[in-house]
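Below: one structure, written as structure tokens.
Values quoted throughout were computed directly from the atomic coordinates according to the rules given, and no laboratory measurement underlies them. Since the structure is predicted, the reported quantities are computational estimates derived from the model, not experimental observations. Cβ sites come from the backbone with ideal geometry, for glycine too, and all protein chains shown count toward neighbours.
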Amino acid sequence: MSVLTLSACSAASEPPPKDTAAPTAPTGITATAGSASTIHVMWSAARDDRAVTGYAVYREGRKVKDLPATTLMTDVVGLTPATRHAFTVRAHDAAGNTSPPSTTVTATTLPADTEDRTPPTAPKALRAAADGSRAATLTWTPSRDDTRVTAYDVYQADTRVHTAAGTATTALVTGLRPGTAYAFTVRARDAAENSSPDSPRVELTTAPAPGAPPNTAPGHLTATAAKGEITLTWTPPDTGAPVTHHQLHLNGRFATTIVWGTAPPPSRATYTFPVQDPPGTRYTVTLRAQLPDGTWGDFSAPRVVVVGESSGAGGF
């Protein structure tokens with residue numbers, strides 16, 4: 001008689017444990033009135049056992065903004081002049097777990113002044129110092145205004161990354177990447193939302209991460225706009241071999257690869273490309289070089305150029 005032998009079946013792989021852990025509450029929350037109808041809210045990143053996927057901003061306990069995890073500040077607009085408001089921020093993850101609320105901060109919108117059409121003067125003597133590998137401290141001399149300066153907006157290339165109070169002459173910009181070139185400007189703003197011209201540009205490179213290779217960004221990039229075209233000049237990085245390929249990025253997106261069919265220029269390189277956009281269109285330009293091992297190096301410090309106008313030189 002045959003004997004039936006049963007072998008044990010391996011247990012089916014169990015599903016991963018359900019994510020039930022909520023992120024920590026955001027810290028370092030601040031609220032600053034920027035005008036009669038706007039309050040600027042900032043905070044520091046929350047932590048999660050997997051990943052924070054977004055933030056919600058609350059005013060008087062009611063949600064007014066949903067933001068991605070990469071955004072750590074926002075303007076709450078459409079407010080009533082000379083009115084006090086209270087704000088909190090909560091973080092959430094992909095599983096829908098929501099953090100406790102941050103501490104509550106308050107700010108009062110400024111009195112309305114609809115007749116003020118005069119912008120402040122540009123901040124001067126802007127300086128920047130790297131604060132380790134992920135932050136930078138900016139300082140400047142105060143602007144002047146016919147009423148008063150209510151805020152200073154810090155721009156990295158053409159993107160606002162920080163807002164300081166109108167009485168401030170310094171700002172700590174966080175969330176930077178190690179070993180990366182940055183360019184900053186500052187604008188002053190008054191209660192009627194009039195913004196000053198840009199301050200002079202200042203540049204720095206954050207400290208590299210421990211053990212990271214030397215910075216390979218193209219240097220001394222300049223961008224000049226003329227009718228229907230933009231001309232770039234720069235110094236290729238020293239990679240130990242001729243640099244024959246550069247990538248051009250416009251507004252953070254890949255645009256084209258610049259290739260020299262013969263020997264590349266030994267020092268300064270120049271490239272001109274056409275643009276079809278109307279005068280006044282703004283571009284943020286960055287470059288990176290192809291390294292001898294075929295990988296792409298670090299990005300240059302960005303340059304903002306306006307079609308139909310000239311944009312400043314200088315830099316790394």
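A few remarks follow.
- Taking GLU14, GLU203 and counting other C-beta atoms within 10 Å, the order from fewest to most: GLU14, GLU203
- Pairwise FRET efficiency - ALA212 versus ARG50, Cβ, R0 = 35 Å, nearest 0.05: 0.85
- Cα-based Rg of segment 143-249 normalised by 2.2 N^0.38 Å, two decimals: 1.38
- For segment 188-294, a Kirkwood radius taken over Cα pairs fed into Stokes-Einstein (4 °C, viscosity 1.567 mPa s) yields D = 79 µm²/s.
- Neighbourhood charge, 15 Å Cβ-Cβ cut-off, centred on THR185 and excluding it, Lys, Arg +1 and Asp, Glu -1: +4
- Per-pair calculated FRET efficiency, R0 = 30 Å: THR71 and PHE273 via Cβ, rounded to 0.05: 0.40
- Descending principal axes extents, segment 16-58, alpha-carbon based, whole Å: 50, 16, 11
- Extension gain from ASP293 to GLU14, taking 0.36 nm per residue of separation minus the Cα-Cα distance: 96.2 nm
- THR150, THR137 arranged by Cβ crowding within 10 Å, fewest neighbours leading: THR137, THR150
- Most fluctuating residue given options VAL275, VAL186, VAL304, as computed from a GNM of the chain linking Cα atoms under 10 Å: VAL275
- Legend: P(r) of segment 124-205 from all alpha carbon pair distances, 10 Å bins from 0, whole percents, reading 19, 54, 22, 5, 0.
- Normalising the Debye intensity of segment 27-108 to I(0), with uniform scatterers on Cα atoms only, and taking log10 at q = 0.13, 0.16, 0.23 Å⁻¹ returns -0.37, -0.55, -1.03.
- Note, ³J(HN,Hα) from phi for segment 259-275, Karplus 6.51, -1.76, 1.60, rounded to Hz, x at Gly and Pro: 10, 9, x, 10, 5, x, x, x, 9, 7, 10, 9, 8, 10, 9, x, 9
- Counting every other Cβ atom within 10 Å of each residue's Cβ, ILE39, ILE258 order from fewest to most as ILE258, ILE39.
- Over all distinct Cα-Cα pairs of the chain, the Kirkwood formula returns a hydrodynamic radius of 22.7 Å.
- Remark: spin-label model distance THR24-ASP146 equals 4.9 nm, labels positioned 7 Å along the Cα→Cβ axis.
- Segment 61-129: C-alpha gyration tensor shape, a/c 1.5 cut-off, then a/b vs b/c: oblate
- Approximating the spin labels as points 7 Å out from Cα along Cα→Cβ, the ARG62-to-THR256 distance works out to 5.2 nm.
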